[in-house]
Structures are given as C-alpha cells and as structure tokens.
Amino acid sequence: MLNIGCHLSSSKGFLAMGKDALKIGANTFQFFTRNPRGSKAKAIDPKDAEALRSLCQEHDFAVLLAHAPYTLNACSNKAETRTFALETMADDLERMEYLPHSLYNFHPGSHVGQGPEEGIRFIAQTLNEILDVKHTTTVLLETMAGKGSEVGRTFEEIATILDKVQLEHKMGVCLDTCHIFDGGYDIVNDLDGVLESFDRVIGLNRLKAIHLNDSMNPLGSHKDRHAKIGEGTIGLPALAKVINHPQLRHLPFYLETPNELSGYAKEIEVLRNAYEEADKG
Ligand code: FE
Ligand code: FE
Ligand code: ZN
C-alpha cells in the first residue's frame, strides 16, 4: 500500500489532524510543531496526543512527520539565532515524546556568507547538543534547493553533517522532490542515476521520508517554489516513477503542494491510482 499524506494545519490539535487525514484518503501526515515562523509552542494536551495515537493505530497509519519551523537557522552567523534554533529544536524533541517513534524534519539552515563548511560545523554541533539517547524520534535533515546560502543542496553536504553527528542512528534524511530538482538533480530524466548518487554519498538506508512536490521552476533553478502534482516542471509521470521506484516505494510520502484539503484529496487519489500494487502481479 502507498503510504501517503500531506501537510496539515495543527491549529485544531492532534486528533483533528488525524481526522482530516482520514477524510482525504491519507494514512499519514506532516504538521508544524509550532507556528511555522517559530513562535512559542502551545502546551500539548496529553489526551489529544493519545487520541491521535489510537486513531493512527486503529487505521494502520504510517509514521507521522513533524516539521520544525522553517525560520530556524542552526548555522546563522549570529549566536543568538543559533541558540534560538537549538533551544526550539530541543524543546520540540521533548514534546515529540507525546507521539513516540515519529519523524522530525528540519531545514539545515543558511550559512549567510560564512561558507558551507562553517555552516555544517554549526549544524552538527547543534545536533550533538540536542540529540539524546532517551528520545524515540528520528531527526531528519531535509534536502534543500540551494536558495541563497542554504546548506543541504548537495548530497555531499548532507552526508558531511551526518558524519559529524555522534548519535548517527537517531538521524535520517527527508528528500524533497521539488528541492532536489531545483537543486540540479534530474529526477525527470535520470531518477536511477540520482538515487545511485544518493546511495553512494549518503546511503539509501538513511532515507526515511519523501516530500512529494512538483516544481514551478526548471532543473537547477535553486528557487524552491512548489507546484501541484502534475502541474509543474517535474510532472506526474516522473512523480509516479518516484512513488513506484523499488528503492522508494516503501517510504512514507508527504505532499507539500499549494492546496486546500479538497485539492490534497484529489492528489492523493491520483497518486494512489498511479501506485502499482505489488500483489496485482
Ligand atoms: Fe521543509
Ligand atoms: Fe519540503
Ligand atoms: Zn520547499
């Protein structure tokens, strides 16, 4: 079965997201741990978290994916910005234990002129401070489009961060199809080649989730503007190959396309129809 969901608003709480996911034919979802711009988090209602956990169990959901605020920058040139990212992520990881064994994705950040090496050093340092053996969450680095001074555009940069993290088994990667295409990896004409390179540089065993997005811009544009599935430069045939690829088809896929719930429901239906069930023969 295709494990697929989309980004949902967490404003009505955990259980409400689970119900929204069911409504649109999803069996997982992504949500922001707090306001995406990074403000103070609402207190978690343990009963609400527990209600979502039972819903997920009852409906056989795939792993849930939490997303850190995208404004955090663990490799800023300003110490206070780095500290804010560290404290926010540390707090998020504590809170994630209300939904144990989930995934937590974050953007590596922007080195703002310090150079990728310095950026990578700060990111790894942050991870080494916040990761704790007692946590059950797997923390994911998201592959980026390379807008401005973003770190994580190349598989090499992601691999170098992972190499510097002590609790490496707590870490994984979230591959965003729009980001890597904008970053210059041609998943339209050479998906196998891109995955070979991912495997050689990072290791496909580190790949834990896929953000399934079309792109508004051409290969290598370094833009990061998501398009609806089938309406962008990647297109439905290439995205259908992604979800069916023997090395990817078991992974959870999360849509971050510009949609309301009804639009997500349609995309999920299209993708479920494009997914070749193994038992169909
Ligand atoms: Fe993201
Ligand atoms: Fe993404
Ligand atoms: Zn993006």
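The numbers here are math on the coordinates, done by the rules we state, and not lab data. Here the structure is a predicted model, which means the values were calculated and not measured. Glycine gets a Cβ as well: all are built from the backbone with ideal geometry, and neighbour counts include every protein chain shown.
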If I take R0 = 22 Å and measure r between the Cβ atoms of residue 167 and residue 77 in this structure, what FRET efficiency does the formula 1/(1 + (r/R0)^6) give, to the nearest 0.05? 0.25
Segments 134-141, 177-184 sorted - mean Cβ within 10 Å per residue, highest first: 177-184, 134-141
Exposure proxy check: 39, 197, 221 ranked by fewest other beta carbons within 10 Å? 39, 197, 221
At a Förster distance of 22 Å, what's the computed FRET efficiency of residue 22 paired with residue 266, Cβ-Cβ distance as r, to 0.05? 0.85
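Between residue 236 and residue 12, what FRET efficiency comes out of the Förster formula 1/(1 + (r/R0)^6) with R0 = 35 Å and r the beta carbon distance, rounded to 0.05? Write out the running numbers ahead of the final one.
Values: r = 31 Å, r/R0 = 0.89.
After rounding, the FRET efficiency stands at 0.65.
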Over all distinct alpha-carbon pairs, what is the Kirkwood Rh of the chain in angstrom? 18.9 Å
With the chain treated as a Gaussian network of Cα nodes joined by springs under 10 Å, which of 194, 165, 133 yields the largest mean-square fluctuation? 133
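Sort 239-245, 43-49 by packing, meaning the average of other beta carbons within 10 Å per residue, with the highest value first.
Taking the mean over residues of other Cβ atoms within 10 Å, the ranking is 239-245, 43-49.
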Among the trypsin sites (Lys or Arg not before Pro) in segment 1-36, which ones are in a DSSP loop with at most 14 other Cβ atoms within 10 Å of the Cβ? Mind listing them? 12
Tabulate in residue order the Karplus-calculated ³J(HN,Hα) for segment 143-152, using 6.51 cos²θ - 1.76 cosθ + 1.60 with θ = phi - 60°, rounded to whole Hz; enter x for Gly and Pro. 5, 10, 7, x, 6, x, 9, 4, 8, x
If you take every DSSP beta bridge whose two residues both sit in segment 134-281, what share of them, in percent to the nearest 5, is antiparallel? 15 percent
Kindly list the residues of segment 39-66 that lie in the label zone of residue 250, defined by a backbone N under 18 Å from the point 7 Å along the Cα-to-C-beta vector. 61-64
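With the Cα gyration tensor of segment 152-217 giving a ≥ b ≥ c as the square roots of its eigenvalues, does the rule (a/c under 1.5 for rounded; else a/b larger than b/c for prolate; else oblate) give rounded, prolate or oblate?
The shape class here is prolate.
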So how strong a dipole does the chain carry about its Cα centre when Lys and Arg Cβ are +1 and Asp and Glu Cβ are -1, to the nearest 20 debye? 560 debye
Would you mind ranking 94, 142 by Cβ crowding within 10 Å, fewest neighbours first? 94, 142
What nm distance separates the two modelled labels at residue 60 and residue 87, each placed 7 Å from Cα along Cα→Cβ? 4.5 nm
What number do you get for segment 81-172 when its Cα radius of gyration is normalised by 2.2 N^0.38 Å, N = residues? 1.03
If each residue of separation counts as 0.36 nm, what is the full-extension length gain between residue 147 and residue 132 once their alpha-carbon separation is subtracted? 2.3 nm
